[in-house]
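Derivation of every value follows stated rules applied to the coordinates shown; laboratory data play no part. Note that this is a predicted model, so its numbers are computed, not measured. For neighbour counting, all protein chains shown are included, and Cβ atoms are generated from backbone atoms with ideal geometry for every residue, glycine included.
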Amino acid sequence: MLIVHVHINVKPECVDAFREATIENASKSIEEPGIARFDFLAQQDDPTKFLLVEVYADPAAAASHKNTAHYAKWRDAVAPLMAEPRSSVKFTNVFPGESSW
């Protein structure tokens, strides 16, 4: 299992457009085989900061996600909306173990 946290800081005037584009992407992403979760979170104390929590069955599913049309559309649409480049951190599940999924 591969878990990716994507940290995103959006320009204040672009928050609504970013939310719209990201909800569309997330809605299509959760339909992909190999994606167990795709959460879109907004930071409570700063409306310009967001977190994507993407849970993939394996690295191949993550790679496949990046080859979808909806990901390419999202990537291109949100790039100019960001205050800085997004960053990501990859995790491996410890508990519950993969056999629990």
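Check H70 against each of (1) outside any helix (DSSP H, G or I); (2) surrounded by 14 or more Cβ atoms within 10 Å (Cβ to Cβ) and name the one condition it does not meet. Exception for H70: condition (1). Remark: pairs (first residue in region 10-24, at negative phi; second residue acidic (D, E); Cβ separation under 9 Å; 6+ apart in sequence or on different chains) are absent.
Under the condition of being within 26 Å of N93 (Cα to Cα) and of a type in the set (F, W, Y), which residue from region 9-47 is surrounded by the fewest Cβ atoms within 10 Å (Cβ to Cβ)? Step by step, filter region 9-47, then rank; the result is F40.
Just one of the listed residues (K66, K49) is touching a residue at least 12 places away in the same chain (Cβ under 8 Å) and among the basic types (K, R), namely K49.
Scanning region 5-34 for residues that are within 15 Å of L51 (Cβ to Cβ) and of a type in the set (A, V, I, L, M) yields V6, I8, V10, V15, I23, A26. Could you check, for region 86-101, whether at least one of its residues is closer than 19 Å to K11 by Cβ and not small (G, A, S)? Yes, some residue in region 86-101 is closer than 19 Å to K11 by Cβ and not small (G, A, S). Determine, yes or no, whether E54 is in a strand (DSSP E or B) and either touching a Leu at 6+ places or on another chain (Cβ under 6 Å) or in contact (Cβ under 8 Å) with a residue 24 or more places away in the chain (or both). It is true that E54 is in a strand (DSSP E or B) and either touching a Leu at 6+ places or on another chain (Cβ under 6 Å) or in contact (Cβ under 8 Å) with a residue 24 or more places away in the chain (or both).
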